[in-house]
Amino acid sequence: MVDAEHGNIDDSAMHEAVPAIASLGVSPIVRTPDFQPWMVKRALDSGAHGILVPLIRTVEEVERFVASAKFPPQGQRGFGSPIAMQTFHPEPTFTEYLQQANESILTMVQIETKEALESVDQIATLVDVVFVGPFDLGNSIGHPITNGEIGQVLDDAITKVLNAAVAAGKKSGIFCTSGEQAKHYADAGFHMVSVATDYTALAATVVRALAVARDVDEICRYHPGPPVFHEGQKGWKCCKPRVLTFEEFMAIEPCTEGKHSTTDLPPKIEKKEADPASAPVPAVGDSANPPPPRAPSSVAQAVPPTPPPVLDSEDDEENIDIADGRVCRRRGCGASYQRGASREGEKCVHHPGAPIFHEGSKGYSCCKRRVLEFDQFMKIEGCKTKTRHLFVGSGKKDTADQDKKDAAASAGEEVLETVRNDFYQTPTSVIASFFLKKINKDTAKVEFREQQLDLDLPTTDTPLPKRYKAEVPLFAPIDVVKSSFKVLGTKLEVALVKADGSSWPVLRSDDRLTGEILQVGRAGRVQ
């Protein structure tokens, strides 16, 4: 968020910050100093994807703000900025931006006055997001925040804002001062939380650095390289082990010893020469001359049936020996088995859902918490508790994995169960990517159905080619005729044209809805 209310941000700095944020694939939100129409216009003309207005008091003020953020006939916003559409990707034309902006731009107001709190039920029906400013709200109702504590009266007022958003079918947000407070309100149902400002985050980093400096003798065991997730394999760039499951990845032993540090500059890792055949190919071509949709290939190779999955036990079999130091299989637990120790009273706090890495955010499908850094993701506390850890299960899992490898080898190709995928959306389409190198363009098959995507993607890898075959149930119906795909050097990119124009919170209909707001459009390059 670009804070033009309390931050040292003038009009020129705002016009630089907004496209810079958008260039990283993040939707820029501008908080204006006031709800004056010219302030709203300048922020939107800079390319902001949403406007947050502070210190709203009356319904009439909200109506004037919304009118200043919308083009006619819904509002009074003037049209003509050549900059605004450059922060969306694919970049729309002037006409497309004019047609889509009223639905795409987020209108957000801060409920932080007594008058706005009294009218919050009506205000919530007029905007996209109601945002709590707890400090000013507490001051306004006579119950300020003291010593960082939120009193019961203020907490009830915050709950009233949340309930108003839910009743109106809108999103809610709140400013927080710590990760713990943010988690509390995220668990309560708020969709957007501000965890910290750059000022407080910098101070916290200095405090951590001092703590490390005072304990210089403690040994730190770590991976100096970043995590690598590629074509189903998982590992660390700094060492060789590669595994298939997330549980195995979590158990990879650190390869380096040293001293603790708060810097983000690990030892340099020797770089290998890039393979020209694997160089990434731009995913977006000339928007003025898009390539014609490619028809599904009629050639499909026979694929041997995948061995049926082996259902593993949720409890350890008593007759199976457990190796000392074996790590619990459940995600997020991390407990190790100690031979000879009593297992009575064990509590396994874990994540039953799958890891989710989407547009920079990281979390689990079973709970709402999302973080940006991988080390923060590793520290997300489990959301479910079981009475015992799961160290070996039934013992069938390792055998089943080996059977799959043997079946693939005998068929002359490696069958991939999953590949990494990602997506973003515009008001009219969803652009999804399935990451797989060296897809055979001649034999690849992509078939569009009303609400399903059928994929059969063989590769040209030697000596053992790979194949990914899947039926992807889509979140909403698509226009089968207008949808298209492109086979690129590192991935398959499909452009799914929405049949009903609705927003897609997830790509697949069988993915768990988390209540998150996903941006409409994604930033392209700064021009």
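Only residues that are touching a residue at least 60 places away in the same chain (Cβ under 8 Å) and either buried (at least 17 other Cβ atoms within 10 Å of the Cβ) or not in a loop (DSSP other than H, G, I, E, B) (or both) were counted in segment 36-58, giving 7. Among the residues of segment 375-402, those that are modelled with pLDDT under 85, farther than 17 Å from F249 by Cβ and loosely packed, with under 13 Cβ neighbours inside 10 Å comprise T399, Q402. Within segment 188-202, the set of residues being exposed (fewer than 12 other Cβ atoms within 10 Å of the Cβ) and of a type in the set (A, V, I, L, M) comprises A201, L202.
Would you mind stating whether E91 is on the phi < 0 side of the Ramachandran plot, among the acidic types (D, E) and in a loop (DSSP other than H, G, I, E, B)? Yes: the conditions hold for E91. Scanning segment 328-348 for residues that are of a type in the set (A, V, I, L, M, F, W, C) and crowded, with 17+ Cβ neighbours inside 10 Å gives C328, C333, A335, C348.
Residue count for segment 226-239 satisfying the condition of being modelled with pLDDT under 85 and either in a strand (DSSP E or B) or within 20 Å of E257 (Cβ to Cβ) (or both): 6. Summed over segment 459-493, the residues that are more than 23 Å from S509 (Cα to Cα), in contact (Cβ under 8 Å) with a residue 12 or more places away in the chain and out of contact with any strand residue (DSSP E or B) (no Cβ under 7 Å at 6 or more places or on another chain) give a count of 4.
From the list A168, A164, exactly one residue is at pLDDT 90 or above and crowded, with 19+ Cβ neighbours inside 10 Å. Which is it?
Selected residue: A164, the only one of A168, A164 that is at pLDDT 90 or above and crowded, with 19+ Cβ neighbours inside 10 Å.
May I ask you to list the residues in segment 59-87 that are aromatic (F, W, Y) and assigned to a loop (DSSP other than H, G, I, E, B)? Residues satisfying the conditions are F71, F79.
Determine if segment 432-447 includes at least one residue that is closer than 20 Å to Q100 by Cβ and acidic (D, E). Scanning segment 432-447 turns up no residue that is closer than 20 Å to Q100 by Cβ and acidic (D, E).
For every residue, the table says whether it meets (1) over 27 Å from the mean Cα position of the chain (by Cα); (2) touching a residue at least 40 places away in the same chain (Cβ under 8 Å).
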position: K70; (1), (2): yes, no
position: Q74; (1), (2): yes, no
position: G80; (1), (2): yes, no
position: E91; (1), (2): no, yes
position: E96; (1), (2): no, no
position: E103; (1), (2): no, yes
position: A116; (1), (2): yes, yes
position: V120; (1), (2): yes, yes
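Please find, within segment 500-516, the residue that is modelled with the lowest pLDDT out of those that are under 17 Å from Q100 (Cβ atoms) and of a type outside the set (S, T, Y). Talk me through it step by step, then tell me what you get.
Taking segment 500-516 as the starting set, the residues that turn out to be under 17 Å from Q100 (Cβ atoms) are 500-504.
Within this subset, residues satisfying the condition of being of a type outside the set (S, T, Y) are 500-501, 504.
Working: D500: 88, G501: 83, W504: 87.
The selected residue is G501.
Where residues in segment 20-35 are polar (S, T, N, Q) and in contact with a strand residue (DSSP E or B) (Cβ under 9 Å, 6 or more places away or on another chain), which of them is surrounded by the most Cβ atoms within 10 Å (Cβ to Cβ)?
Among residues in segment 20-35 that are polar (S, T, N, Q) and in contact with a strand residue (DSSP E or B) (Cβ under 9 Å, 6 or more places away or on another chain), the one surrounded by the most Cβ atoms within 10 Å (Cβ to Cβ) is T32.
Have a look at T107, T95 and point out the one that is outside the structural domain of S429 (by TED's automatic domain parsing) and under 29 Å from F190 (Cβ atoms).
On inspection, the qualifying residue turns out to be T107.
The values are calculated or read from the model by the stated rules, or taken from the named source; none is laboratory data. Keep in mind the model is a prediction, meaning the values are calculated, not measured. For neighbour counting, all protein chains shown are included, and Cβ atoms are generated from backbone atoms with ideal geometry for every residue, glycine included.
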